[in-house]
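The values are calculated or read from the model by the stated rules, or taken from the named source; none is laboratory data. Since the structure is predicted, the reported quantities are computational estimates derived from the model, not experimental observations. Here the Cβ is made from the backbone with ideal geometry for all residues, glycine too, and neighbour counts use every protein chain on show. Note: areas computed on protein heavy atoms with side chains; ligands, DNA, RNA excluded. Shrake-Rupley method; radii C 1.70, N 1.55, O 1.52, S 1.80 Å.
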Amino acid sequence: MIVLTPSRQLPFPVMAECISPDVFQEKTLEEIGELAVWEGNKQKKLADLFKVEEQNREGENEATITICGDVAEVRRIGASMTIGEIMIEGNVGMHLGEEMKGGKITVHGNAESWAGSMMKGGTIEIYGSAGDYLGAPYRGCGEGMRGGQIVVHGDVGSEAGAYMKKGLLKIKGNAGQFAGLRMHGGTILVEGNCEARAGACMTEGKIVVIGFLESVLPTFTIEGVRNKVKIKETDSIEGPFYIFSGDLAERGNGKLYVSKRKNPHLSVFEKLL
Amino acid sequence: MSNGVVFDPLNGIDGEKVDIAVKDGKIVKSVSEHRAKKIDVAGMIVMPGGVDIHSHIAGSEVNTGRLLRPEDHFKDSECKTSVTRSGVGYSIPSTFTTGYRYARMGYTTVMNPSMPPLEAKHTHEELNDIPLIDKATYPLLGDWWFVLEYLSQGNIEELARHVAWMINSTKGYAIKIVNPGGLESWGFGHNVTSLDDQIPHFCITPREIILGLCRVNKLLNLPHSVHLHTNNLGKPGNYKTALETMKYVEELANDEKPAVHITHCQFSAFTGDDWRTLGSGAEEIAKYLNGHSHVTIDMGQVIFTDTTTMTADGPFQFGLYELTGNKWVNHDVETETSAGIVPFRYRKKSFAHATQWSIGLELALLVKDSWKIYMTTDHPNGGPFTAYPKIIAWLISKKARKATLKKINPKARSRSLLPSIDRELSFYELAIMTRAGQAKALGLKHKGHLGVGADADIAVYNVNPHKTDPSKEYKKVRKAFKRAAYTIKGGKVVVKNGEVLKHVEGATMWLDVKISEPFKVTADMKRRFREYWTVEYENYPVTDRYLEISQPIPVKAEV
Amino acid sequence: MPHIEAVTCPVCGCLCDDIRLRIEAGKIVEVKNGCAMCESKFLGYCGEHRLSKPLIRKNGELVEVSLNEAVKKAAEILAEANYPLLYGWSSTSCEAIRIGLELAEEVGGVIDNTSTVCHGPSVLSIQDIGIPSCTLGQVRHRADLVIYWGCDPWSAHPRHIERYTSFSDGRFEKSEWKGYLSKTKALIVKKKIEKALKRVFARETPSLSPHVRREPPPTLFKEGRKMIVVDVRRTRSAETADYFIQVEPNRDYELLEALRLLVRDEELEVEEVAGVPVAYLEEVADLMIRCNFGALFFGLGLTMSRGKMRNIDAALSLIRDLNTRTKFTIMPMRGHFNVSGSDTVFTWQTGYPYAVDFSLCYPRYNPGETSAVDVLLRGETDASLIVASDPVSNFPRKAAEHLVKNPLIVIDPHVNATAQMGDVVIPSALVGVEVEGTAYRMDHVPLPLKKVVEPPEGLISDEEILRKILSEVRKIKAGKMEES
């Protein structure tokens, strides 16, 4: 296991896509320390910013990287990774696990925006909160999450799961506006409350809100009430839930499940059934 | 430059060992042997710098394409170096990168084919920021209200004077027509579907616009013919429209100069009734071209990649949006023209796309005389210009075509004419299609050849034509044409082994059309100006300060 | 030369170029054709708030220095910075912006223009949806339906309606000015009668409450140009309109999405959206479908209210959808006179319209990450150059605090809050008045900015100042290379 500890404060943005098990694999500590990163507009070595050490504990995956300390300005950690594990003991910067294909990232802290951006596989688990655009794609790009799973124990910002096609987003806290914007597949589960415009312009996929949902877009239509909703093959949640389908503005057939118990303001829709 | 194997078709040099002397940016007879800097290019191909007759590299529509597609750029960036500026690709590169990428392939002259006159300053500002190549740009005039009005009155001479004014005012190089009549109709969301449709409110047909502007072109003695994007472009069955257009201007045939250039002809060479019955009209078009000399065309070759389509043909682009559901930009320009942009991906496995790929190559191989057809992708519509080396490989090698044919949609493969075509272009023919022919069609006297007095724009490719069988070793040729061994621009070595050595600015060429009496701005003209446009007459023309290196080419008109 | 014709007005995104100025003794004494904003710019440009000498902060005080010294100091600050910010650009010429980009690339900084705080979200939505648009003359000639959404052209772009839309005369559509005049007259008469009645009978006729819903008037379906205003409050422009739709604050997104459904002839299940009865919306949708050429203009009321870029996303989608039924265009009402131009120059040089980060030696773009306000809020920058803008007064407080905490260079013709906080302040000549240049109108039509009077002695253009700084930065860098 490689342990990275920031050797000083990092006030400028640091681009460190090299912090990835794929890159560290079969490299010596010296070689890892020599890897190039950018700090602001200066090119540096990883060892200039981090203390690089090796720790071997029994039964642990060799391809594991642990970062001890606050790396909120360090971006693109784990980008495109396919194997192994990254553990971050602290807050982490933007684009965590961008386009990752496999392996696991665990954050014991908060993650900035674009965590799991355009992810294709693997797992990200964030014990704190995540910023905006969780799993969402790059500007102008219509291809969001294609697979894998992100679990956030805290809250998330707006546009979580935008353009998602496959995979699972589990948000244990609250979600911001436009959760599941333009999604065309996959599942988003919001266990807390959810701001307005969930599922805007979605065409396929499933959004489940267990807490309070501020409002349902006028371009969704109520389909019924159901007692249970399946999240994964084996996983299902007890309701009852209102089921809305939409977004009709995009001729969509996405499904929005909203807890009946927590959302008495939606009972007006029952008369349309 | 000594010992190279030179291909210079305009001077009839076909693979001979000729030494080339350069002084003060021009090709000269000889230079003092001991004082000159010598470059030994033994065993390499030497050609005039490449000339591209049709490539969208600058102006409002190109730039809106850049703005529209950050996702096109973000995995294709170029870092700043000690000599070059940074930038991005892919299908719509930023200005500096455009210049560098052309020069890396040995190209030194590029024509930007669509400029809305009202936004001409923008085009020129961007051209100033494209280094290493000389440039020129064609104003879009086919649906300009002045054209429609004078033609419906039958007043060709007055129109010619106004076109001359317009070319001078926009610092343009040729008359560009796009889907004549269709763009004015698009102002209210309509289109024209045949050469004889009436254009709403103007009592005139596309046929009359084409013939009228071809006549104006002759009256003004412009060096290039009318540059035409046909009606019905991109629609199955449109090869008939293309042929009808060519036949209609036959009466203007003249031994010396073609009357019309049908651009990106591949997009106008479809048979069939719909996308399922799509087929190739290349045979018919090639047959016509082989029998007539008043038409030139360029390929508009399709490349299998993700690209950005952009034309002034607003209704066509809207159709493409409806077909794909991709993001769509429309930009209509008052009194003049329109424009549209849609990102597009050409896929090998798509029947229509694979058929289009085949049509482009069929055209290039079935037209017997290489002086009549030029290599383009209608960048970025068929694919980015950086794919030219791929097209070169397909043109010189049947084996290369076969390798791609194997991978395309089976239905398209079974209908393609390519397996029946054995022709493989020689380097001499290639030099015609990529520089000499294009320079000739453009009437650029100093470009596209290596004779004494020509601009010293030279491309050297590291492949030995005597030792290489291009038919078999097409990959080697492709690699050589991707990264020129040397690109010399105006006598300066700007690229060596595919690396940019120097950032020098290129010139902007434009026609200084001289009419018999100087153009008078009458009160009527000013009044019409106020009514037609939302800018003042004084602020419309592109003044000299907008051209960093201005290269006017005087033209004496017959009006 | 007493009169100068066809001068372009360097104030708002309308970029009116028919201004006529009278010059006497090297001073502008009369402005014709301009609006109030234009007049105050041309007549008041030389006021006491003008900067005249370069300043450097020494021991906490701004003191006058030579231009060379100020340029040197500015270059030192930028050349040494690890993550400098170069911000502003929307009120200067394209020529200056070109050099600004080169400078940003040379110092590896983040360069951003004021789009970031105005129509940046609009740009982001265009990158997702595209935009069916046109030049303003197209609207003048053809539009029989004009919609202003979340903007008030009467006050922010005073000549927009008169030059380009409802009150302009086009080839296919005529001005509605006369109709408006008679309507206004009728309204004045009505108000007089009401007043008289009130005096006589001493009682109030019930006036309309601000939130009253009005159904579309029958006149909306007559021939000729129609104008609809959608806003959260009744603005001056709303008074001009044939129909005013009052949307509940922050509910524009819902309203736009509902309209998208209606223009496809589909039914809504709810009875009202954003405070507007669906029955009224159906009539508006019908009007949109039946027009020959519609034009929707939107302002910051839409861009900066809740939902931000996604509001624009919905508006763009609505107009795109409408194009399958008729011809419809949409355009943002750009504020600063050259904010379109700065987006344009940024895009051709870097591929991206604003928020460009050169710190990795190539252009990178990701608003939210590389945008001015965000890098300041996260406290990432260590130096700034501000050109022709006043972020200290318009940025969020925390961002402004970080901005002034680090070395701050200001290039501006005027003394503003940012200049007062600056460490190096370089005064410049006013583009479009004292020096020439180019600017782009809100519809991307480029127009020349004229030099009409001489600049005060010693003042040079933004472009020249930036060139000097750039060349000084290169000297410093070359020196460093030699040392190492």
Quiz item: Which helices, taking whole DSSP H runs in chain C, have alpha carbons extending 30 angstrom or more along the helix axis plus mean Kyte-Doolittle at least 1.0?
Solution: none
Quiz item: Between B:N497 and B:K349, what length comes free when the chain is fully extended (0.36 nm per residue of separation minus the Cα-Cα distance, one decimal in nm)?
Solution: 49.8 nm
Self-check item: Vicinal HN-Hα couplings computed from phi for region A:187-196 (Karplus, 6.51 cos²θ - 1.76 cosθ + 1.60; Hz; Gly/Pro x)
Solution: 9, 10, 10, 10, 7, x, 8, 9, 6, 5
Practice problem: Could you list which residues have their amide H under 5 Å from that of B:L140, counting only those 5 or more apart in sequence or on another chain, with H placed in the peptide plane? | Solution: B:M115
Self-check item: Which of A:G167, C:G44, B:T305, positive extreme of dipole for the protein assembly as shown (C-beta unit charges)
Solution: B:T305
Quiz item: Based on DSSP, what percent of beta bridges with both residues in region C:120-332 are antiparallel, to the nearest 5?
Solution: 10 percent
Practice problem: Would you mind telling me the share, in percent, of accessible area of region A:174-229 contributed by carbon and sulfur at probe 1.4 angstrom? | Solution: 41 percent
Exercise. Using a 1.4 Å probe and ignoring any ligands, DNA or RNA, find the accessible area of A:E204 and quote it in Å² to the nearest 10.
Key: 90 Å²
Practice problem: Take the solvent-accessible surface of the protein heavy atoms, probe 1.4 Å, and return the percent of it on region C:8-137 that carbon and sulfur atoms account for. | Solution: 46 percent
Practice problem: Would you list which aspartates and glutamates come within 14 Å of B:K38, measuring only between C-alpha atoms, while excluding same-chain residues fewer than 8 positions from it? | Solution: B:D19
Quiz prompt | Whole-Hz couplings from phi, Karplus 6.51/-1.76/1.60, listed for region B:113-124; x for Gly and Pro | solution = x, 8, 10, x, x, 4, 10, 4, 4, 4, 4, 5
Exercise. Under 18 Å Cα to Cα from B:K240, which aspartates and glutamates show up? Leave out anything in the same chain fewer than 8 places away.
Key: B:D196, B:D197, B:E208, B:E250, B:D273, B:D274, B:E283, B:E284, B:D298, B:E362
Quiz item: Of A:K120/B:K349; B:K171/B:K445; B:K407/B:K472, which pairs sit farther than 22 Å apart, going by alpha carbon to alpha carbon?
Solution: A:K120/B:K349
Self-check item: Distance violations [Cα-Cα > 18 Å] among B:K368/B:K398; B:K121/C:K27; C:K174/C:K222; A:K166/A:K206; B:K398/B:K476
Solution: B:K121/C:K27
Quiz prompt | Threshold 50 Å² - residues in region A:1-44 whose accessible area is reduced by that much or more when the chain is no longer isolated, probe 1.4 Å | solution = A:F12, A:M15, A:W38, A:N41
Practice problem: Mind jotting down the distance between the C-alpha centroids of region B:85-128 and region C:107-181, whole Å? | Solution: 29 Å
Exercise. Estimate the FRET efficiency between C:A279 and C:W177 by the formula 1/(1 + (r/R0)^6), using the beta-carbon distance for r and 35 Å for R0, to the nearest 0.05.
Key: 0.65
Quiz item: For chain C, with the dipole built from +1 on Lys and Arg beta-carbon atoms and -1 on Asp and Glu ones, taken about the Cα centre, which of C:V425, C:T116, C:A238 lies farthest toward the positive end?
Solution: C:A238
Self-check item: Between region A:133-166 and region B:418-447, the Cα center-to-center distance that results, in Å
Solution: 50 Å
Quiz item: Check B:D76: other-chain or 5+ apart residues with amide H under 5 Å from its amide H, H built from backbone geometry?
Solution: B:G89
Practice problem: Could you compute the FRET efficiency for B:E256 and C:K53, with r as their C-beta to C-beta distance and R0 at 60 Å, rounded to 0.05? | Solution: 0.35
Self-check item: Label-point separation in nm, B:D274 to C:K32, each point 7 Å along Cα→Cβ
Solution: 6.2 nm
Quiz item: To the nearest 20 debye, what is the magnitude of the charge dipole of region C:120-332 about its Cα centre, counting +1 on the Cβ of each Lys and Arg and -1 on the Cβ of each Asp and Glu?
Solution: 1380 debye
Exercise. Pick out, from C:S384, B:P410, B:H56, the residue whose Cα sits farthest towards the positive end of the charge dipole of the protein assembly as shown, with +1 on the Cβ of Lys and Arg and -1 on the Cβ of Asp and Glu.
Key: B:P410
Quiz item: Under a 1.4 Å probe, what is the accessible area of the protein assembly as shown per residue, stated in Å²?
Solution: 35 Å²
Self-check item: Label-point separation, A:T82 to A:H108 (7 Å along Cα→Cβ), nm
Solution: 3.1 nm
Quiz item: Which whole-Hz ³J(HN,Hα) couplings does region C:369-381 yield from phi under the Karplus relation 6.51 cos²θ - 1.76 cosθ + 1.60, θ = phi - 60°, glycine and proline marked x?
Solution: 9, 9, 8, 3, 4, 5, 5, 6, 4, 7, x, 8, 7
Practice problem: Evaluate the Kirkwood expression for the hydrodynamic radius of chain B, namely the inverse of the mean inverse distance over all pairs of different C-alpha atoms, and round to one decimal in Å. | Solution: 23.5 Å
Quiz prompt | Under-5 Å amide H pairs with A:F50, H placed in peptide plane, nonlocal only | solution = A:S7
Exercise. Determine which residues of region C:360-386 fall in the zone a paramagnetic label at C:K398 would reach in this model, i.e. backbone nitrogen under 11 Å from the point 7 Å along Cα→Cβ.
Key: C:374, C:376-379
Self-check item: Antiparallel %, DSSP beta bridges [both residues in region A:116-265], to 5
Solution: 40 percent
Self-check item: FRET efficiency, 1/(1 + (r/R0)^6) with R0 22 Å, evaluated for C:E267 and B:T193 via beta carbons
Solution: 0.05
Practice problem: Report the label-to-label distance for B:K240 and C:N68 in nanometres (one decimal), using points 7 Å from each Cα along the Cα→Cβ vector. | Solution: 7.7 nm
Quiz item: Can you list the residues of region C:319-335 whose accessible area drops by at least 10 Å² going from the chain on its own to the full set of protein chains, with a 1.4 Å probe?
Solution: C:R320, C:N323, C:T324, C:K327
Quiz item: What Kirkwood hydrodynamic radius, in Å, does chain A give when the mean of 1/r is taken over all pairs of distinct Cα atoms and then inverted?
Solution: 19.1 Å
Quiz prompt | DSSP-defined beta bridges in chain B - what % are antiparallel, rounded to 5 | solution = 50 percent
Exercise. Quote the charge dipole size of the protein assembly as shown about the Cα centre in Debye, to the nearest 20; the model charges only the Cβ of Lys and Arg (+1) and of Asp and Glu (-1).
Key: 1560 debye
Exercise. Give me the accessible area buried between chains A and C, both sides summed, with a 1.4 Å probe, in Å² rounded to the nearest 100.
Key: 3600 Å²
Quiz prompt | For the pair B and C, total buried accessible area rounded to nearest 100 Å², probe 1.4 Å | solution = 5200 Å²
Exercise. Give a quick list of GluC sites (Glu not before Pro) in region B:496-559 that DSSP marks as loop, anything other than H, G, I, E or B, with at most 15 other Cβ atoms within 10 Å.
Key: B:E548, B:E558
Self-check item: At most 12 other Cβ within 10 Å, DSSP loop - trypsin sites (Lys or Arg not before Pro), region B:256-346
Solution: B:R276
Quiz prompt | Rounded if a/c under 1.5, otherwise prolate or oblate - the protein assembly as shown, Cα gyration tensor axes | solution = rounded
Quiz item: Which percent of the accessible area of chain B is formed by carbon and sulfur heavy atoms (probe 1.4 angstrom)?
Solution: 50 percent
Exercise. Please go through region B:51-97 and write out the trypsin sites (Lys or Arg not before Pro) that DSSP classes as loop and that have at most 12 other C-beta atoms within 10 Å.
Key: B:K75
Practice problem: Distance between Cα centroids, region B:181-244 to region A:224-238: provide it in whole Å. | Solution: 60 Å
Quiz item: How large is the dipole of chain A about the Cα centre if only Lys and Arg carry +1 and Asp and Glu carry -1, each at its Cβ, rounded to the nearest 20 debye?
Solution: 1220 debye
